[in-house]
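Some notes on the structure that comes next.
No value in this document is a laboratory result; all are computed from the given coordinates. If you're wondering where the values come from, they're calculated on a predicted model, not measured in any experiment. For neighbour counting, all protein chains shown are included, and Cβ atoms are generated from backbone atoms with ideal geometry for every residue, glycine included.
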Amino acid sequence: MPRLSPLNSPFLLGFDRLERLLDSVAKSSSNGYPPYNIEHLGDREMRISLAVAGFSPEDLEISLEDNQLTIQGRQSDDGESRTYLHRGIAARQFVRKFVLAEGMEVGEAYLDNGLLHVELARPARDHRVRTIAVRSGPRKNKKKG
């Protein structure tokens, strides 16, 4: 049985790409590791903070494709050189995905006391209103070229 989408409305046209992004994020967010915060820093700034204790900057990769921010962590396994009596600190790979609004810009990313911080900003938008002319008669055929 197909699931009903909140974007499945005759008034929301052309949002199929957004729906695929939301599905992708929903699948990746089911895992709770690593925990993260999203802070609202001002009218146009936000910060994503992920708890990545034990990861170095070399173990982390941040990429932006279209409006999807992906944060990956891969730790090199040095388990062969150490003998643990108890191993409670997670040393596993992760992938976290965030869908950003149109126009959001990713600023700097830095690691501080086991937290990876990614700064986001939304530049001011120009508000534009465009009037569409209505003409009478049949539709004009566009030339193929």
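Data table
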read-out	value
Kirkwood Rh and Cα Rg combined as Rg/Rh, the stretch 48-108	1.09
Spatial extent of the stretch 104-145: Rg and Dmax, with the Cα atoms as the point set, Å	23.4, 68
Relative contact order %, the stretch 33-121, counting alpha carbon pairs below 8 Å whose residues are six or more apart	34
Residue list for the stretch 90-110, given a label point 7 angstrom along the Cα-to-Cβ vector of Ile38 and an amide N cut-off under 16 Å	96-107
Extension gain (nm, one decimal) between Ile132 and Arg17, 0.36 nm per residue minus Cα-Cα	38.8 nm
For Leu115, distant residues with modelled amide H under 5 Å away	Val52
Simple spin-label estimate for Gln72 and Ala121 in nanometres, 7 Å along Cα-Cβ	2.8
3J(HN,Hα) from dihedral phi, the stretch 40-47, Karplus parametrisation 6.51/-1.76/1.60, rounded to Hz, x for glycine, proline	9, 9, x, 4, 10, 10, 9, 9
